[in-house]
Amino acid sequence: MTRPAEQSVQAGGRCVPRNSATMIAAKSWSDERRDPSAGKGGVPISHILGFRVAVGSHPLEMNQIPRAPRARQRRSLVFQVTVLYNHPEDPAKFDAHYDEVHAPLATTIPGLQRYTVSRPGPGPDGAKPPYYLVAVLEFESEAAYGAGMSGPEGKAAVADLANFATAGAAVMAGSAVSVV
């Protein structure tokens, strides 16, 4: 007797090996069933096949039923500070100070949960980006932001701006929602 993994199924004039996904589809299990190879709890069959299998369908005629839209994940609310740095006169000097002094200094601000930095490239038309560097800092709340920035670490980070951001920077702050 052959094991299920070694069996094959004739589909559309070609022989397709039966793995757990094709076997499950061939047996016409409902979307509520779980893949036994996925361990305890398993994975919904629809995640394996990419579509839902209709109960009672012929093993080789899998009816594709459109999936219901996935429930949106719970959105998380944070307080976000975005700093848009203008193009410096000396980019090498700016980068050295930002990477070696300012960024490590900013990471010490109490309550900081996430800190990302990007250096935008040219636009699709090759145009120079409007900003040289974009920094995004996230805090749990506006209160956490206020507490962190009023402490010695926050004050030191703000004071350090004069040492490298001589071309200026725009700061925007407010609540942000994580959509995905």
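The values are calculated or read from the model by the stated rules, or taken from the named source; none is laboratory data. Please read these numbers as outputs of a predicted model, since none were measured by experiment. We place every Cβ from the backbone using ideal geometry, glycine too, and count neighbours over all the protein chains shown. Please note that ligands, DNA and RNA were not included when accessible areas were found on the heavy atoms of the full protein model with its side chains. Shrake-Rupley method; radii C 1.70, N 1.55, O 1.52, S 1.80 Å.
Numerical summary
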quantity	calculated
Among Tyr131, Gly148, Thr108 - extreme Cα towards positive end, dipole of segment 99-180, charges at beta-carbon	Tyr131
Under-5 Å amide H pairs with Ser141, H placed in peptide plane, nonlocal only	Phe79
Under 15 Å, Cβ to Cβ, from Phe139 - net charge with Lys/Arg +1 and Asp/Glu -1	-3
Share of pairwise Cα separations in segment 111-180, more than 17 Å, in percent	56
Rounded percent of accessible protein surface that carbon and sulfur make up, segment 94-141, 1.4 Å probe	55
Theoretical gain in end-to-end length, Ala143 to Asp90 [0.36 nm per residue, Cα-Cα removed]	15.5 nm
For segment 68-172: rounded, prolate or oblate by the Cα gyration tensor [a/c cutoff 1.5]	oblate
Tensor-based shape of segment 85-126 (alpha-carbon gyration tensor, a/c under 1.5 rounded, otherwise prolate or oblate)	oblate
